[in-house]
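Participant: Mind looking over this structure? Questions follow.
The values are calculated or read from the model by the stated rules, or taken from the named source; none is laboratory data. For clarity, every value in this text was computed on a predicted model and none was experimentally measured. As a convention, Cβ positions derive from the backbone with ideal geometry for all residues, glycine included, and neighbour counts pool all protein chains shown. Heavy atoms of the whole protein, side chains included, go into the accessibility calculation; ligands, DNA and RNA do not. Shrake-Rupley method; radii C 1.70, N 1.55, O 1.52, S 1.80 Å.
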Amino acid sequence: QVHLVESGGGLVQAGGSLRLSCAASGGTFSRYGMGWFRQVPGKEREFAAGISSTGGLTLYGDSVKGRSTLSRDNAKNTVYLQMSNLKPEDTAVYYCAASITGWTERANGYQWWGQGTQVTVSS
């Protein structure tokens, strides 16, 4: 069982930056593809970014592409999502997810999820 804990969310003004972290425990972190998704009430969970197990490959959703950088530190069992030039429409709960089968844009491709961290961007 993999346990994921997100941190780094909060309230930020439009144009600001945040770095979200996701710490993993209970598994072999270096074997997992990792992803970040975000969700607002009443909408489906949206893919934000994904990274391969080695960190060599990354993929970004259109909503954050060009404004975000996803990285991982396998020695610390942690993945980071650096977001900049934040917009009010980035307001959402951000979830970290892990996949033993690889990394994907599909939420159902991930076996383990964190509880989420709230990001609120004020205009």
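Participant: Return the carbon/sulfur percentage of the accessible area of the chain, one whole number, probe 1.4 Å, all protein chains in place.
Facilitator: It is 47 percent, rounded to a whole number.
Participant: Would you mind calculating the gained length between Ala14 and Arg67 on full extension (0.36 nm times residue separation, minus the Cα-Cα distance), in nm to one decimal?
Facilitator: Taking Ala14 through Arg67 to full extension adds about 17.8 nm, to one decimal.
Participant: Tell me which of Gln13, Val40, Gly50 sits at the most positive position along the dipole axis of the chain, charges placed on C-beta atoms (Lys, Arg +1; Asp, Glu -1).
Facilitator: Gly50
Participant: If I take every Cα pair under 8 Å that is 6 or more residues apart in segment 65-123, average their sequence separation and divide by the length, what percent do I get for the relative contact order?
Facilitator: Reported as a whole number, the value is 32 percent.
Participant: Here's a follow-up. About the Cα centre of the chain, how large is the charge dipole given +1 on each Lys and Arg Cβ and -1 on each Asp and Glu Cβ? Please answer in debye to the nearest 20.
Facilitator: Once rounded to the nearest 20, the dipole reads 140 debye.
Participant: Quick one: compute the contact order of segment 1-115, relative version, from alpha carbon pairs under 8 angstrom and 6+ residues apart, as a percent. Display every interim value, and only then the final one.
Facilitator: Details: 267 pairs, mean separation 38.6, N = 115.
About 34 percent, as a whole number.
Participant: Under a straight-distance cross-link criterion of Cα-Cα below 26 Å, which lysines are reachable from Lys43, leaving out those fewer than 8 residues away in the same chain?
Facilitator: Correct list for Lys43: Lys65, Lys87.
Participant: Cut-off under 18 Å on the C-alpha distance; same-chain residues fewer than 8 positions from Lys76 excluded. Which aspartates and glutamates are left, in chain and number order?
Facilitator: Cross-link targets: Glu6.
Participant: Between Ala107 and Ala75, what is the spin-label point distance in nm, taking each point 7 Å from the Cα along the Cα→C-beta axis?
Facilitator: According to this spin-label approximation, the distance is 3.6 nm.
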